[in-house]
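The values are calculated or read from the model by the stated rules, or taken from the named source; none is laboratory data. Since the model is a prediction, treat every value here as computed from it, not as a measurement. As a convention, Cβ positions derive from the backbone with ideal geometry for all residues, glycine included, and neighbour counts pool all protein chains shown. Protein only, heavy atoms only, side chains kept; ligands, DNA and RNA dropped before computing areas. Shrake-Rupley method; radii C 1.70, N 1.55, O 1.52, S 1.80 Å.
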Amino acid sequence: MSAQMNKNSSNIMALAPNTSNKRETVCIFGTGDFGRALGYKMIQSGYPVVFGSRSTQASSLIPKDAEVLSHAEAAQKAAIIIIAIQRQHYNFLTPLAEVLHGKVLVDVSNNLKINQYPESNAEYLAQLVPGAKVVKAFNTVSAWALQSGTLDASRQVFVCGDDMEAKQMVMDIVRALGLTPLDQGSLLAAQEIENYPLKLFPMWKFPILLSLGLSAFFFFYCLARDVIYPYVYENKDFSFFIAISIPNRICPILALILLALVYLPGVLAAIIQLYRGTKYRRFPDWLDKWMLCRKQLGLVALAFASLHVLYTLVIPIRSFVRWRLSGRIISQALNNKTEPLNTTNAWLSDSYLALGILGFFLFALLGITSLPSVSNNVNWREFRFVQSKLGYLTLILCTAHTLVYGGNRFLSPSSYRWYLPNAYMLCLIVPCIVLVVKFVLIFPCLDKPLTRIRQGWERNPQYSEQSNYIINKTAV
Amino acid sequence: MSAQMNKNSSNIMALAPNTSNKRETVCIFGTGDFGRALGYKMIQSGYPVVFGSRSTQASSLIPKDAEVLSHAEAAQKAAIIIIAIQRQHYNFLTPLAEVLHGKVLVDVSNNLKINQYPESNAEYLAQLVPGAKVVKAFNTVSAWALQSGTLDASRQVFVCGDDMEAKQMVMDIVRALGLTPLDQGSLLAAQEIENYPLKLFPMWKFPILLSLGLSAFFFFYCLARDVIYPYVYENKDFSFFIAISIPNRICPILALILLALVYLPGVLAAIIQLYRGTKYRRFPDWLDKWMLCRKQLGLVALAFASLHVLYTLVIPIRSFVRWRLSGRIISQALNNKTEPLNTTNAWLSDSYLALGILGFFLFALLGITSLPSVSNNVNWREFRFVQSKLGYLTLILCTAHTLVYGGNRFLSPSSYRWYLPNAYMLCLIVPCIVLVVKFVLIFPCLDKPLTRIRQGWERNPQYSEQSNYIINKTAV
Amino acid sequence: MSAQMNKNSSNIMALAPNTSNKRETVCIFGTGDFGRALGYKMIQSGYPVVFGSRSTQASSLIPKDAEVLSHAEAAQKAAIIIIAIQRQHYNFLTPLAEVLHGKVLVDVSNNLKINQYPESNAEYLAQLVPGAKVVKAFNTVSAWALQSGTLDASRQVFVCGDDMEAKQMVMDIVRALGLTPLDQGSLLAAQEIENYPLKLFPMWKFPILLSLGLSAFFFFYCLARDVIYPYVYENKDFSFFIAISIPNRICPILALILLALVYLPGVLAAIIQLYRGTKYRRFPDWLDKWMLCRKQLGLVALAFASLHVLYTLVIPIRSFVRWRLSGRIISQALNNKTEPLNTTNAWLSDSYLALGILGFFLFALLGITSLPSVSNNVNWREFRFVQSKLGYLTLILCTAHTLVYGGNRFLSPSSYRWYLPNAYMLCLIVPCIVLVVKFVLIFPCLDKPLTRIRQGWERNPQYSEQSNYIINKTAV
């Protein structure tokens, strides 16, 4: 709504000539798309804008209310100069060093590749013009978003710089444009800030690669058992299982394994802390990384669980299932017999469905509370309650769902084809380990020392001297 | 949570008499609901408040800690005066012009209709009291929300005004009350700001009207084919199809058409840019507007897709479907024959279900990423990846779902009743056009010049002179 | 993403020694986990930090760039002192009273229980060091969240204090650390702020307890009718109904009752206002509280509705349902007869399913718009439209769904077992009352005076003198 208002109001606003302006002039070097869009937005917010350009002839593309001067002239008019020019052309600034002395230079540039240059563009700029105060900002905002006002993507502007006052001035401009500045510290953070817009879901890479790998494995496993085996031994063509039956085996398996992998690192961390007797030593790097992508692992697991629900609910509409059902009924009718109700079967079928429904319901609840706007509205205790207590309950329900689904098939030899057990038996290994270890950790003889360790107690305090300063991420 | 805290703490807080107050006094003209609620909230946040009123006798409704004086006396005590009075009564301010000279007047008024007066209330106020600095603010907040602290609706306060310093002072108060100020520029934006709270989903109007129109058309189309035709020629009463069968035809059709309409303007824009050889000329107005409501179009499409999923999943519970199924089985049983498994049918049925499930899953993912709090946490590249790459994949899957559903019925003459093809054949037209054109645009001979045009290159630079300053919204 | 960036950048940032720091030194008393984490974060944001500690020997755990001094020496170096020490040890501050005179003391402590001490820790601190300006802040943030940068839980920092300037200084630090300060008023609010992190979904307590109570009642009611009755009179074992059939009766009943209870207080409030002829008198306390938890009631109702949908959609997969269906078909086949299509039944079945689908769809829409990030993007009129108009439409559809489901069973004596009516008949009572009263209130003879009352008109103005200042929460 707000975005749309900006859009509309910019149409009716004649760039406010009668505004009694108290804002300081801003200079923009470069009249490309981004420079112009930024200039336009600033004029709208009440800043007088002056462009520095090689050719000072007014172009129809430059906002009417902005002046266009030579670089040196423009720079003299303002305390803040935005460098909306590509890094390759930065060396034209060297001759201007004197004019730029003491000015705030805002580096808005981006690269085409992650870590394209040894040092960040902003640091390179600071080396070229040593007398200026360089601030990195605005690189995460696109010209199109500035212009159209439809900031559907992020409104966050990362800002960093070595001079506090200069940084503050830039952050004030960011706020005036309706964006949210986020202070990232000194100019050393510029490299990270420049890499940020080039990243494509970095936290999701591991969970997605892992689930693709596991999916491929279980696909061929199920293919062998459910399609190739009957084709070889019974000469039946069940190739259409590839569309629904096999995906509907893979999805619940992956959902359960990934959900268990969300809670495994917390359990491992507890064991490590108990063994070391202190929380003041860093965890191994792989465990640290694993812990930081637990949320993503959980959401991928939820995606697989949702697909499993959809695949399961369409079962009765499937032409194959209808054919099999009517086949059974007809053979009963022809044999003139009616089966009595098998209460055990009814119990098994109903309870694994009920467990699955409740598990999925809690799982979806976990997913909803991990939405940024929801998790921002709960306190720490509530967040831990949901993610830990409800999380374990979900894991227990989903594991029970799979166990009851298996029923007494676990022992029946007919379910072993080519000596391969049913795929869902394999997927029970990780969750069962997690639940058993967690159960053991609840015993007072282990829980008490663990709680004390997490409150800062150390079994052998001298060990911690070797460690760096770190509060280990304990299990949530 | 926070809202609730505010509520509770206001109960225990005796309006803080012992606060060592450094905040400046604020004056409020008008002791109606909104003036009082604002005054109450300001006192809570540490501002001394003085009310200006015709009758200066203390009313039990006015916060205890606030003074009530005559308008002139009250105005003298503060630099900021909030005019919590209806526009009709503004002319009482004219005699006070001298006292109000140089003061900041905050117009908080709203109208009953969009564009009720030729100029905005704030501009009218500025004309009445030319010596004052008028700022528009607070009109989007309700007295009830201020009072109860349950700001479930927006916390955003749009602020505009010609005097930068005055605007800054008002924005500081807005922040102190726990609200978020959004600077909308000069006082010319006041009209828009006053219209804002009167608007009812303006961006949704076009998508919803379009979908209602299409729904009506397809409803009568399906009614003719599926209810009236069998009634006329076969004397069968299928009127109950109106409840589920026909909606379940309309929903997927509309979902697919609307989804294709999300991607059509991007394709049209690319063609226009290729034809013109520049991006620096405005698109036709209809295309601009269409592009701005793509998100809403997509969400309406998702709503129809969700309904389609629900309607489809209840199929096996429908009494009619059970009757038809049992009828078929009984006739087979009575004829003493069992149909063999038709593998082609099993493949067709399973694969269109699988395509539909995957398409809907991706569609739901697109919907989730369009939630403000999620899209605020992704960078521009990630947002484009989801909305463009995943979006097209969704469109491909949904189109394939419809094509496979049709199967070989496209050519069968029996599916043409009254020479009318099945409704789902009609709905394939738009998505197929979009996909074919998009496929053509991927070819290097078209993609290369298009990329260059979007980077700023122009085939005939002189043409752009005519154009206004605009960065055309290119396809996301 | 941002959180992750913070994480990574902190790895590459050597705590910025060459930063031309203009930020004021901050002193931290206490070198425990929280003090260190806060110090580390502040150094990162450019604040020079000095620790006050009993033992001034440098520990490897303390950030390298921070000084460690005795308490008195450290306090002299800074205007702001953060007391990261437990309340029990506050009395060591008494001898330091002279050094602390005029300083800003930030109380960051938390308790273990709600209202553990008669006065809040911050007020206790203010009593101990009367010359200092005490500000409460940071208690809602955890050391782990500060350290890891993964602020998945709230970024909100509640701040309160009697001195405006001191509070402003602390709020500036909060902002510099990338957190959101929320001013809660004077130090009297400290008790609430200290209780906040100990609370576990306080607004959800009533809705959840209510729904648990109702669930238990309806569980035993249905158990008696559907399991015990057939066991006693027909000797049939339907115990497996406990898994799905009975939950699938309880869920829709609770969803409907709770949804009606969302709209009942609004209707009651209207009656009270009409009767009193004014809106300026407080509602009874229970009605106030009820109104404040309507959102939570609605969301719990939505949870039950979602479970009902899942339970209903698995019906055709249930082994019992398949057995019953095939039993019916076989008996028909054996009797050599085919039932004709019962159009009335088809109509009833299809229309109650369609009503349920539409009701659930609107219900889900209501749930989505109550997400904080969505409701923040709509204006007051839109929010009211969704929550009131769409809400009532949802209630009407869901009530109609239940009525049509019942069909003509309401009058059939066979549906009364042990004189107990079907459970869904009981659940219709509340929604029908709400809808009837709401319908009556729409009549002009009642609607007109009500609207006038809500605009501030009073039938007997003198009555309002008795009342406290309050704008009654009128029905949304």
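Once the label point is set 7 Å along the Cα-to-beta-carbon vector, what list of distances in nm do you get between B:Trp286 and its counterparts in the other copies?
Copy-to-copy label distances at B:Trp286, shortest first: 6.1, 6.1 nm.
Per the Kirkwood treatment, what hydrodynamic radius in Å, one decimal, follows for the range B:135-273 from the mean inverse distance over all distinct Cα pairs?
19.9
How much solvent-accessible surface does A:His89 expose, in Å² to the nearest 10, with a 1.4 Å probe and all protein chains in place?
100
Taking just the alpha carbons, could you work out the radius of gyration and Dmax for the protein assembly as shown, both in angstroms?
34.2, 105
So, taking all protein chains as they sit and a 1.4 Å probe, how much accessible area belongs to B:Leu307, in Å² rounded to tens?
Estimated to the nearest 10 Å², B:Leu307 gives 20 Å².
Using a label point 7 Å beyond Cα on the Cα-Cβ vector, give me the inter-copy distances for C:Ile429 in nanometres, one decimal, shortest first.
The answer, with the shortest distance listed first, is 5.7, 5.7 nm.
Let me have the relative contact order for chain A, percent, based on Cα pairs under 8 Å that are six or more residues apart.
RCO, chain A: 13 percent.
At 1.4 Å probe size, with every protein chain present, just tell me what the per residue accessible area of the range B:66-204 comes to in Å².
On a per-residue basis, 35 Å².
Stokes-Einstein diffusion coefficient for the range A:63-216 at 25 °C in a medium of 0.890 mPa s, Rh from the Kirkwood formula over Cα pairs: what value in µm²/s?
Approximately 145 µm²/s, per Stokes-Einstein.
What is the calculated FRET efficiency for A:Trp457 to C:Trp286, with r their C-beta to C-beta distance and R₀ = 60 Å, to the nearest 0.05?
E between A:Trp457 and C:Trp286, to the nearest 0.05, is 0.80.
Compute, for chain B, the length of the dipole vector about the Cα centre, with Cβ point charges of +1 (Lys, Arg) and -1 (Asp, Glu) only. Units Debye, rounded to 20.
Here chain B has a charge dipole of around 1420 debye.
Could you list, bin by bin from short to long, the percent of Cα-Cα pairs of the range B:350-456 in 10 Å steps?
Here the calculated profile for the range B:350-456 is 13, 30, 31, 19, 7, 1.
Please compute, for the alpha-carbon atoms of the range B:162-233, the extent along each of the three principal axes and give them in descending order in Å.
78, 26, 13
Say the dipole of chain C comes from +1 at the beta carbon of Lys and Arg and -1 at that of Asp and Glu; which of C:Pro431, C:Gln191, C:Ala97 then lies farthest toward its positive end?
C:Pro431
Taking each pair of different alpha-carbon atoms in the range C:302-351 once, compute 1/r for the pair, average those values, and report the inverse of that mean as the Kirkwood hydrodynamic radius in Å to one decimal.
13.4
Of the beta bridges DSSP finds with both residues in chain A, what % are antiparallel, to the nearest 5?
10
Among A:Gln455, A:Met164, B:Leu292, which residue has its Cα furthest toward the positive end of the charge dipole of the protein assembly as shown, with +1 on Lys/Arg Cβ and -1 on Asp/Glu Cβ?
The residue sitting most towards the positive pole is B:Leu292.
Net charge near C:Leu188: determine it from the other residues with C-beta under 13 Å of the C-beta of C:Leu188, scoring Lys and Arg +1 and Asp and Glu -1.
-4
Hull surface divided by four, with the convex hull built on the Cα atoms of the range C:243-309: how many nm²?
Projected over every direction and averaged, the Cα hull of the range C:243-309 covers 5.0 nm².
Considering every Cα-Cα pair within chain B, what fraction, in whole percent, is farther apart than 31 Å?
61
Over all pairs of distinct alpha carbons, what does the Kirkwood formula give as the hydrodynamic radius of the range A:231-385, in Å?
Across the range A:231-385, the inverse of the average 1/r is 19.8 Å.
Rg/Rh for the range C:220-274 to two decimals, with Rh computed the Kirkwood way over all alpha-carbon pairs.
My calculation puts Rg/Rh at 1.32.
Helix by helix, which DSSP H runs in chain C go 27 Å or more along their axis at the Cα atoms and have an average Kyte-Doolittle hydropathy of 1.0 or more?
Those that pass (Cα extent of 27 Å or more, hydropathy at least 1.0) are C:202-222, C:247-276, C:294-313, C:343-369.
From the alpha carbon gyration tensor of the range B:104-193, can you work out the equivalent ellipsoid semi-axes (sqrt of 5 times each eigenvalue) and give them in Å, largest to smallest?
The equivalent ellipsoid of the range B:104-193 has semi-axes of 21, 16, 10 Å.
Using a Förster distance of 35 Å, how high is the FRET efficiency between C:Leu112 and C:Lys77, based on the Cβ-Cβ distance and rounded to 0.05?
0.60
Do you know the relative contact order of the range A:211-266, to the nearest whole percent, from alpha carbon pairs under 8 angstrom that are 6+ apart?
Rounded, it is 39 percent for the range A:211-266.
In nm, one decimal, shortest first: how far is the label point of C:His89 (7 Å from Cα along Cα to beta carbon) from the matching points in the other copies?
Taking the point 7 Å beyond Cα along Cα→Cβ, the inter-copy spacings are 6.0, 6.0 nm.
Return the value, in Å² to the nearest 100, of accessible area buried between chains B and A (probe 1.4 Å, both sides summed).
7200
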